[in-house]
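What follows is a short report on a single structure.
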Amino acid sequence: MKILDRFYIGGEWVAPTSGGTMADVINPATEACIAQVAMGTAADADHAVKAAQRAFATWSQTSREDRIALLERIVEQYRLRMPEIAEAVRLEMGAPVTLCNAMQAPVGLVQLQATLDALRTFELEEMRGKTWLCREPVGVAVLITPWNGPLNQIAAKVAPALAAGCTVVLKPSEITPLDAVIFAEVMHAAGTPPGVFNMVFGDGRTVGAALSSHPGVDMVSITGSTRAGVEVAISAAPTVKRVAQELGGKSPLIVLDDADLPAAVRGAVGQCMMNSGQICVAPTRLLVPRDRYEEAVGIAAAAANALKVGDPADPATHLGPLSNRNQFERVQRMIGLGIEEGARVAAGGLGRPEGIGHGFFVRPTVFADVHNGMTVAREEIFGPVICMIPYDDEDDAIGIANDTEYGLAAYVASGDPARARRVAARLRAGSIRINFVALDLTAPFGGFKRSGNGREYGPEGIAEFLEWKSVCM
């Protein structure tokens with residue numbers, strides 16, 4: 001069992017201050033404790049912030065070339081550690097080995113490289129008439145990242161913050177600390193100057209609150225639940241920090257009447273169930289034409305029943321467990337609530353899959369006869385559960401899709417690209433994918449409404465960590 005009893009602060013692995021505790025890291029497939037991680041205190045948060053403040057004076061004055069050189073070294077070191085990163089994610093959050101090797105580990109590298117490419121041509125200054133406009137780093141940035149796609153979110157925040165000239169304090173999820181430790185080792189091996197990158201573990205109520213309220217912090221970027229985002233914003237408000245939030249989602253997928261229905265429905269189930277449904281942009285509300293609704297329900301049920309749930313180490317496994325006990329219990333409650341509200345279970349349902357007696361495994365579930373007033377259609381479940389909703393015409397579909405507190409992502413399936421774009425233009429979501437095209441990690445990503453504010457990825461991701469200064473000549 002690994003003991004993770006050090007934080008990375010000021011270029012060194014340091015012991016926590018007194019008063020902290022150790023938390024168990026649980027393999028969700030076996031429910032065995034595989035590591036223990038130190039949980040920080042407000043004093044540890046303060047130590048990390050002060051290290052970042054000291055480093056900001058010099059790092060903020062570095063050239064574009066200096067930052068490019070560092071990112072190039074980080075990319076090189078990350079690439080060397082990818083097999084270890086993939087294995088860490090499999091053990092700590094139960095993602096299938098094929099998904100870890102194909103997505104969970106590589107996406108961090110893609111994010112690093114995308115930021116590096118964007119930095120090479122990013123406009124940091126311009127003359128507007130007689131006024132010199134320049135963009136300068138906002139300051140010390142706190143980065144709070146989740147457990148469901150840990151490397152994607154760590155890299156998508158750390159890389160643009162450093163590219164902008166900020167110094168950072170990373171608070172990764174205490175549920176998935178193994179990959180975060182490797183990432184910190186990557187940063188050290190790349191020669192990141194002391195204090196430019198710092199990392200502290202801890203829970204949101206202690207370390208997260210201490211960091212977001214700290215007067216020495218200039219910005220907080222959080223990916224997490226809407227509840228967590230609200231708490232961070234409240235903590236940050238008294239010191240008027242910039243807060244960037246990538247939060248929850250309840251994304252619709254509209255299958256238009258000219259789409260290939262079987263392909264669209266199967267694609268929706270696959271996208272929704274990936275990573276055991278623990279994806280913020282998962283299309284969890286599947287909207288299909290009413291006159292083909294029962295056909296679509298049958299296709300969705302067959303697709304869900306065909307998914308193999310089991311050991312994440314088995315290359316044949318499609319779905320591993322949920323990442324932790326709290327999430328498992330929440331998803332079971334939500335499935336039970338859907339049944340109580342009158343949703344029809346077309347596939348899956350309560351309990352673990354047949355033949356599995358332990359681990360946080362959930363049956364891939366398809367709910368039919370759902371309407372937008374049901375809790376399962378309104379709240380983010382964050383598990384392998386898809387809700388099927390019939391609609392009458394295009395306007396009805398768009399109305400149902402937009403009838404949500406969230407606005408992170410949306411999907412359209414259609415045989416007519418021009419029509420799909422017209423529908424996409426009417427959807428209130430920050431990221432829209434037509435016919436399951438891959439997400440562009442160089443395009444700005446973020447949400448509307450309670451899905452957050454600000455944008456990540458590409459040039460816009462760098463811009464989030466910059467402040468304008470105008471000098472009138």
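The residue of region 30-67 that is surrounded by the most Cβ atoms within 10 Å (Cβ to Cβ), among those that are of a type in the set (Asp, Glu) and outside any loop (DSSP other than H, G, I, E, B), is ASP44.
Any residue at all in region 439-447 that's aromatic (Phe, Trp, Tyr) and surrounded by fewer than 20 Cβ atoms within 10 Å (Cβ to Cβ)? No, the conditions are met nowhere in region 439-447.
State whether the residues of region 379-398 include one that is part of a loop (DSSP other than H, G, I, E, B), of a type in the set (Asp, Glu), without any contact (Cβ under 8 Å) to a residue 60 or more places away in the chain and under 24 Å from LEU247 (Cα atoms). Looking through region 379-398, none of the residues is part of a loop (DSSP other than H, G, I, E, B), of a type in the set (Asp, Glu), without any contact (Cβ under 8 Å) to a residue 60 or more places away in the chain and under 24 Å from LEU247 (Cα atoms).
What number of residues within region 399-421 are part of a loop (DSSP other than H, G, I, E, B), of a type outside the set (S, T, N, Q) and surrounded by 21 or more Cβ atoms within 10 Å (Cβ to Cβ)? Total meeting the criteria: 3.
Only residues that are outside any helix (DSSP H, G or I) and either within 12 Å of ALA29 (Cα to Cα) or touching a Pro at 6+ places or on another chain (Cβ under 7 Å) (or both) were counted in region 87-106, giving 3. Filtered by the rule that a residue be within 15 Å of the chain's Cα centre (by Cα), not in a loop (DSSP other than H, G, I, E, B) and not polar (S, T, N, Q), region 136-158 gives LEU143, ILE144, PRO150, LEU151, ILE154, ALA155, ALA156, LYS157, VAL158. Does ALA23 satisfy the criteria of being part of a loop (DSSP other than H, G, I, E, B), outside the structural domain of ILE356 (by TED's automatic domain parsing) and out of contact with any Lys or Arg (no Cβ under 7 Å at 6 or more places or on another chain)? The answer is no for ALA23.
Against the numbered list (1) surrounded by 20 or more Cβ atoms within 10 Å (Cβ to Cβ); (2) over 18 Å from the mean Cα position of the chain (by Cα); (3) among the aliphatic types (A, V, I, L, M); (4) not in a helix (DSSP H, G or I), ALA296 comes up short only at (4). The residue that is surrounded by the fewest Cβ atoms within 10 Å (Cβ to Cβ), counting only those in region 339-371 that are farther than 22 Å from ARG266 by Cα and touching a residue at least 40 places away in the same chain (Cβ under 8 Å), is HIS358. Could we say that GLY224 is assigned by TED's automatic domain parsing to the domain that holds ALA29 and small (Gly, Ala, Ser) here? Yes; evaluated as a whole, the condition is true for this residue. So, in region 407-454, of the ones that are of a type in the set (Lys, Arg) and without any contact (Cβ under 8 Å) to a residue 40 or more places away in the chain, which residue ends up nearest to GLN111 (Cα to Cα)? Here the residue is ARG433. Among the residues of region 263-288, the one identified as hydroxyl-bearing (Ser, Thr, Tyr) and touching a Leu at 6+ places or on another chain (Cβ under 7 Å) is SER276. Is it fair to say LEU427 is modelled with pLDDT under 95 and either within 21 Å of the chain's Cα centre (by Cα) or assigned by TED's automatic domain parsing to the domain that holds GLY277 (or both)? It is false that LEU427 is modelled with pLDDT under 95 and either within 21 Å of the chain's Cα centre (by Cα) or assigned by TED's automatic domain parsing to the domain that holds GLY277 (or both).
The values are calculated or read from the model by the stated rules, or taken from the named source; none is laboratory data. If you're wondering where the values come from, they're calculated on a predicted model, not measured in any experiment. A quick note on method: Cβ atoms are made from the backbone with ideal geometry, for glycine too, and the neighbour counts reach across all protein chains shown.
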